[in-house]
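This report refers to the structure that appears directly beneath it.
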Amino acid sequence: MLRLLWAMSVRTRYFLRRYMPTNILLDLIRIRRGLKWGIPAMLLAVPYLLAASICTNLIADGGPGWLNLLVLLFIWNAMKFLIMGPVSLALLVRVRIQEAVARRRARRQDDAMESVAYTEASVA
């Protein structure tokens, strides 16, 4: 039974990561080229919060109860985008530091190779 539940949760997660628009967008933000779009993507939380507010008002005015599910979905998506902004900024800083270290290491290696070539040329 546990194995069946585990398999269903894995397949559900795969489906949601693969086909839901917000998850596709968040996956694109997480790659190296997309990290710079994390902070502007936080603005996408505003329409979701507005939609949640509209649905809440409809529910308060006697609307159908299934709108509560939409409210939860809208708030969940808004939270994903709000959290992704600072996370992408931290990831971008980490990647830029790693790239700077790699450039510095390559520069030092080139300088060392030039000094070895200069020493060999002066000996010959």
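The values are calculated or read from the model by the stated rules, or taken from the named source; none is laboratory data. Only a predicted model underlies this, so the values are computations on that prediction, with no experimental measurement involved. When we count neighbours, we look across all protein chains shown, and the Cβ atoms used for this are built from the backbone with ideal geometry, even at glycine. We work out accessible area using only protein heavy atoms, side chains counted, and drop any ligands, DNA or RNA first. Shrake-Rupley method; radii C 1.70, N 1.55, O 1.52, S 1.80 Å.
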Summed over the other residues with a beta carbon less than 15 angstrom from that of G85, with K and R at +1 and D and E at -1, the charge totals +3
If one compares the long axis through the Cα atoms of helix 45-60 with the longest principal axis of the Cα atoms of the chain, the angle in degrees, nearest 10, works out at 10 degrees
Taking only the alpha carbons of the chain, the radius of gyration and the largest Cα-Cα distance, Dmax, both in angstrom, are 25.0, 93
Helix 67-123: inclination vs the chain longest Cα principal axis, degrees, rounded to 10, gives 0 degrees
Taking a probe of 1.4 Å and leaving out DNA, RNA and ligands, segment 1-120 shows per residue an accessible area in Å² of 79 Å²
Neighbours of L16 by Cβ distance under 14 Å: Lys/Arg at +1, Asp/Glu at -1, summed charge +4
SASA check, Y48, accessible area w/ 1.4 Å probe, all protein chains in place, rounded to nearest 10 Å², comes out at 60 Å²
The chain, Gaussian network, Cα under 10 Å: of L50, L89, L35, the residue fluctuating most is L50
